[in-house]
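S.K.: Before I ask anything, here is the structure I am working with.
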Amino acid sequence: MKELNIFFFGFGQVAKEFVKKLISENYKLNISITTRQPSGDINFLGQKVSNFEFSNNKIDKKIFKKLNTFDHILISIPPKDEKDLVLKYFSKEILSQNIKWITYLSATSVYGDHKGEWVDEKSETLPKSKNGIERLAVENGWLKMYEEHKIPLQIFRLSGIYSNKNNVLERIKSGNGSIIRKKNQFFSRIHVEDIANLLFISLNKFKKGEVYNISDDKPASSEHVMKYGAKILNLPEPKEIRLEDIKSEMLKAFYNDSKKVSNKKAKEFFEYKFKFPTYIEGLNYIYKKKLN
């Protein structure tokens, strides 16, 4: 049985799916996590997990010492004012120990708007949204640390994540779905299971200092995805709303960007065949799973 000592800065849907994958592969796990909740042990899928409170306002000082017992680190917490809290507070600890694997989860929002054209890891980063600007600033901070100290770092730029719980089918059924029509609008997506699978492969197939787009094979407009979801559910298509009528500034900023994200580098390096190569397979799987 393989053993893994892994520290999670943030414990959202990707981190949880990754742990689920590790359990399914019969790993013996030593896990610690940070959340915004008070410190204390929790149970996750039968695993004892040590939770430490960590936010910009409060840090459990036990984290500094605890980090010394781990050799794998996954960072999924969002930036704060263009800064990464892990880099801000724990750079010294990370550099002083024998870390084997560090993965920072970024986002494809760093590319900004490319007028519906394809982008890959060599494309220019032109973020205008707050999210994209902050993610790029944090990426650069981690890459600088790699360049200066050769830490075992990889960056995963994640496209829009969906899962068996969070997806357009649930939004349509709850009445919260809507169609926003905009010409030449393309987004890329990724099922959380495919992210977890790639993280798992990277434990043993790893190259320092690399950045990978984690996206499926079929960029599409949100209109196409929403209509396909309604078709699966045999429900009327959601109402159409105008872009200018969107109240959320974050959502408006999201629709200002249009690009098709290439996953070629990740597929070739990790030799990975996606479980859900497009939203069609992903949504069909989710629908059938709910029926059973």
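The values are calculated or read from the model by the stated rules, or taken from the named source; none is laboratory data. As the structure is a prediction and not an experimental result, all values here were calculated from the model. Positions of Cβ are backbone-derived with ideal geometry, glycine not excepted, and every protein chain shown enters the neighbour counts. Heavy atoms of the whole protein, side chains included, go into the accessibility calculation; ligands, DNA and RNA do not. Shrake-Rupley method; radii C 1.70, N 1.55, O 1.52, S 1.80 Å.
S.K.: Give me the residue from segment 184-202 that is under 30 Å from H149 (Cα atoms) and among the β-branched types (V, I, T) and, out of that set, most open to solvent (accessible area, probe 1.4 Å).
M.R.: Filtering first and then ranking leaves I201.
S.K.: What is the residue count in segment 66-84 for residues that are at pLDDT below 95, among the polar types (S, T, N, Q) and either surrounded by 15 or more Cβ atoms within 10 Å (Cβ to Cβ) or within 14 Å of S55 (Cβ to Cβ) (or both)?
M.R.: Residues meeting the conditions: 0.
S.K.: Within segment 203-219, can you find the residues that are among the aliphatic types (A, V, I, L, M) and either surrounded by 19 or more Cβ atoms within 10 Å (Cβ to Cβ) or out of contact with any strand residue (DSSP E or B) (no Cβ under 9 Å at 6 or more places or on another chain) (or both)?
M.R.: Answer for segment 203-219, where residues must be among the aliphatic types (A, V, I, L, M) and either surrounded by 19 or more Cβ atoms within 10 Å (Cβ to Cβ) or out of contact with any strand residue (DSSP E or B) (no Cβ under 9 Å at 6 or more places or on another chain) (or both): V211, I214.
S.K.: Name the residue, out of S50, S76, that is of a type in the set (S, T, N, Q) and more than 23 Å from L136 (Cα to Cα). Break it down into steps so the answer makes sense when it comes.
M.R.: Numbers: S76 fails: more than 23 Å from L136 (Cα to Cα).
Sole residue among the options that is of a type in the set (S, T, N, Q) and more than 23 Å from L136 (Cα to Cα): S50.
S.K.: I need a count of the residues in segment 164-195 that are within 22 Å of the chain's Cα centre (by Cα) and of a type in the set (S, T, Y).
M.R.: 1
S.K.: If you don't mind, there's one more thing I want to ask. Return the pairs, sorted by first residue and then second, in which the second residue is of a type in the set (G, A, S), the first residue lies in segment 271-292 and is in contact (Cβ under 8 Å) with a residue 40 or more places away in the chain, the beta carbons are less than 7 Å apart, and the residues are 6+ apart or on different chains.
M.R.: Cβ pairs passing all conditions: Y272/A266; F276/G282; Y279/A220; L283/G229.
S.K.: Can you tell me which residue is farthest from N140 (Cα to Cα) among those in segment 91-123 that are surrounded by 15 or more Cβ atoms within 10 Å (Cβ to Cβ) and free of Cβ contacts under 8 Å to residues at least 40 places away in the same chain?
M.R.: The residue in question is E93.
S.K.: Being assigned to a helix (DSSP H, G or I) and out of contact with any Leu (no Cβ under 8 Å at 6 or more places or on another chain) narrows it down to one of E193, E121, so name that one.
M.R.: Step by step, each of E193, E121 is checked, and only E193 is assigned to a helix (DSSP H, G or I) and out of contact with any Leu (no Cβ under 8 Å at 6 or more places or on another chain).
S.K.: Here's a check for you: in segment 134-168, which residue that is over 13 Å from L105 (Cβ atoms) and in contact with a Leu (Cβ under 8 Å, 6 or more places away or on another chain) is surrounded by the fewest Cβ atoms within 10 Å (Cβ to Cβ)?
M.R.: Going through segment 134-168, the residues over 13 Å from L105 (Cβ atoms) turn out to be 134, 136-137, 140-141, 143-152, 160, 162-168.
So of that shortlist, the ones also in contact with a Leu (Cβ under 8 Å, 6 or more places away or on another chain) come out as 141, 143, 145-146, 149, 151, 167-168.
Values: G141: 19, L143: 15, M145: 18, Y146: 18, H149: 11, I151: 18, N167: 21, V168: 25.
Among them, the one singled out is H149.
S.K.: Working only within segment 91-118, note down all residues that are touching a strand residue (DSSP E or B) at 6+ places or on another chain (Cβ under 8 Å) and either assigned to a helix (DSSP H, G or I) or farther than 24 Å from K28 by Cα (or both).
M.R.: Listed by number, the residues that qualify are I94, S106, A107, T108, V110, Y111, G112, D113, H114, G116, E117, W118.
S.K.: Could I ask something else about it? Taking the options F52, F11, F7, name whichever one is open to solvent by less than 50 Å² (accessible area, probe 1.4 Å), under 26 Å from I161 (Cα atoms) and in a loop (DSSP other than H, G, I, E, B).
M.R.: F11
S.K.: For segment 124-133, what are the residues that are open to solvent by 100 Å² or more (accessible area, probe 1.4 Å), touching a residue at least 24 places away in the same chain (Cβ under 8 Å) and in a loop (DSSP other than H, G, I, E, B)?
M.R.: Hit for segment 124-133 is K128, nothing else.
S.K.: Next question, about the same structure. Which helices (runs of 4 or more DSSP H) does segment 206-275 wholly contain that include 3 or more residues that are over 30 Å from I151 (Cβ atoms)?
M.R.: Numbers: elements: 222-233, 249-255, 264-270.
Result: 222-233, 249-255.
S.K.: Turning to a different aspect of this structure: Name the single residue, out of those in segment 115-154 being touching a Phe, Trp or Tyr at 6+ places or on another chain (Cβ under 8 Å) and among the small types (G, A, S), that is modelled with the highest pLDDT.
M.R.: Only one residue fits best here, namely S123.
S.K.: Just checking, how many residues over segment 14-48 are part of a helix (DSSP H, G or I), in contact with a helix residue (DSSP H, G or I) (Cβ under 8 Å, 6 or more places away or on another chain) and either open to solvent by 80 Å² or more (accessible area, probe 1.4 Å) or on the phi > 0 side of the Ramachandran plot (or both)?
M.R.: 1
S.K.: Is there any pair with a first residue in segment 25-47 that is of a type in the set (K, R) and a second that is part of a strand (DSSP E or B) and open to solvent by 100 Å² or more (accessible area, probe 1.4 Å) whose Cβ atoms are under 9 Å apart and which are 6 or more apart or on different chains, and what are they?
M.R.: Between residues of segment 25-47 that are of a type in the set (K, R) and residues that are part of a strand (DSSP E or B) and open to solvent by 100 Å² or more (accessible area, probe 1.4 Å), the close pairs are K28/E3.
S.K.: Continuing with the same structure: Just checking, which of F206, F186, F156, F200 is over 24 Å from F7 (Cα atoms) and not small (G, A, S)?
M.R.: Numbers: F206 fails: over 24 Å from F7 (Cα atoms); F156 fails: over 24 Å from F7 (Cα atoms); F200 fails: over 24 Å from F7 (Cα atoms).
Of the residues listed, the single one that is over 24 Å from F7 (Cα atoms) and not small (G, A, S) is F186.
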